[in-house]
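Right, one structure below, let's go through it.
The values are calculated or read from the model by the stated rules, or taken from the named source; none is laboratory data. This one's a predicted model, so the numbers in the text were calculated from it and none came from an experiment. Reconstructed Cβ throughout: ideal geometry from the backbone, glycine too, with neighbour counts over all protein chains shown. Just so you know, the surface numbers come from the protein's heavy atoms only, side chains and all, with ligands and any DNA or RNA stripped out. Shrake-Rupley method; radii C 1.70, N 1.55, O 1.52, S 1.80 Å.
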Amino acid sequence: QVQVVESGGGLVQAGGSLRLSCTLSFGSILLVNVMGWYRQAPGKQRELVASISRAGPANYADSVKGRFTISRESAKNSVNLQMNGLKPEDTAVYYCNAGSPFNSWGQGIQVTVSS
């Protein structure tokens, strides 16, 4: 089964930026119908942050519109999440999901935004 690997998390002050990357252990990102970034804060349900389809359109949660950007980087076979203007409420474990045909989740990566 394909493995999804996230990188780039960490601790940042409010207003700062982080860039998350998601790669596949094998197979091309371009084959995946929808790649998505999700997050789960303590005591809350996992929620969709941003997704990008094979056809190209991206979708964002209202809470991150204008601050986060999801993109494909075909040369590195990765999907990235550029997060700017981070807020303490963005603190969560962030997960990458590769939709069909792989249907696989990463293990998650911590993002902590201090006030």
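With respect to GLY66, is the statement that it is more than 12 Å from the chain's Cα centre (by Cα) and touching a residue at least 40 places away in the same chain (Cβ under 8 Å) true?
So GLY66 does not fit the description; no.
Take the residues in segment 1-45 that are free of Cβ contacts under 8 Å to residues at least 24 places away in the same chain and polar (S, T, N, Q), then tell me which one is least open to solvent (accessible area, probe 1.4 Å).
SER25
Got at least one residue in segment 54-61 being open to solvent by 50 Å² or more (accessible area, probe 1.4 Å), more than 17 Å from GLY8 (Cα to Cα) and at pLDDT 95 or above?
First pass over segment 54-61, keeping only residues open to solvent by 50 Å² or more (accessible area, probe 1.4 Å): 54-55, 57, 59-60.
Then drop every residue that is not more than 17 Å from GLY8 (Cα to Cα), which leaves 54-55, 57, 59-60.
Narrowing further to those that are at pLDDT 95 or above: 59-60.
For segment 54-61, residues open to solvent by 50 Å² or more (accessible area, probe 1.4 Å), more than 17 Å from GLY8 (Cα to Cα) and at pLDDT 95 or above: present.
Looking only at residues that are of a type in the set (S, T, N, Q) and under 9 Å from the mean Cα position of the chain (by Cα) in segment 69-113, which one is most open to solvent (accessible area, probe 1.4 Å)? Can you show your working first?
First pass over segment 69-113, keeping only residues of a type in the set (S, T, N, Q): 69, 71, 74, 77-78, 80, 82, 84, 91, 97, 100, 103-104, 107, 110, 112.
So of that shortlist, the ones also under 9 Å from the mean Cα position of the chain (by Cα) come out as 80, 82, 97.
Details: ASN80: 3, GLN82: 51, ASN97: 25 Å².
Across segment 69-113, the extreme among qualifying residues is GLN82.
What pairs come up if the first residue lies in segment 80-106 and is over 28 Å from GLY15 (Cβ atoms) and modelled with pLDDT of 95 or more, the second is charged (D, E, K, R) and in a strand (DSSP E or B), and their beta carbons are under 9 Å apart, counting only those six or more places apart or on different chains?
That search, which allows pairs on different chains as well, returns nothing.
Could you list, in sequence order, the residues of segment 1-25 that are more than 17 Å from ASN80 (Cα to Cα) and modelled with pLDDT under 95?
Listed by number, the residues that qualify are GLN1, VAL2.
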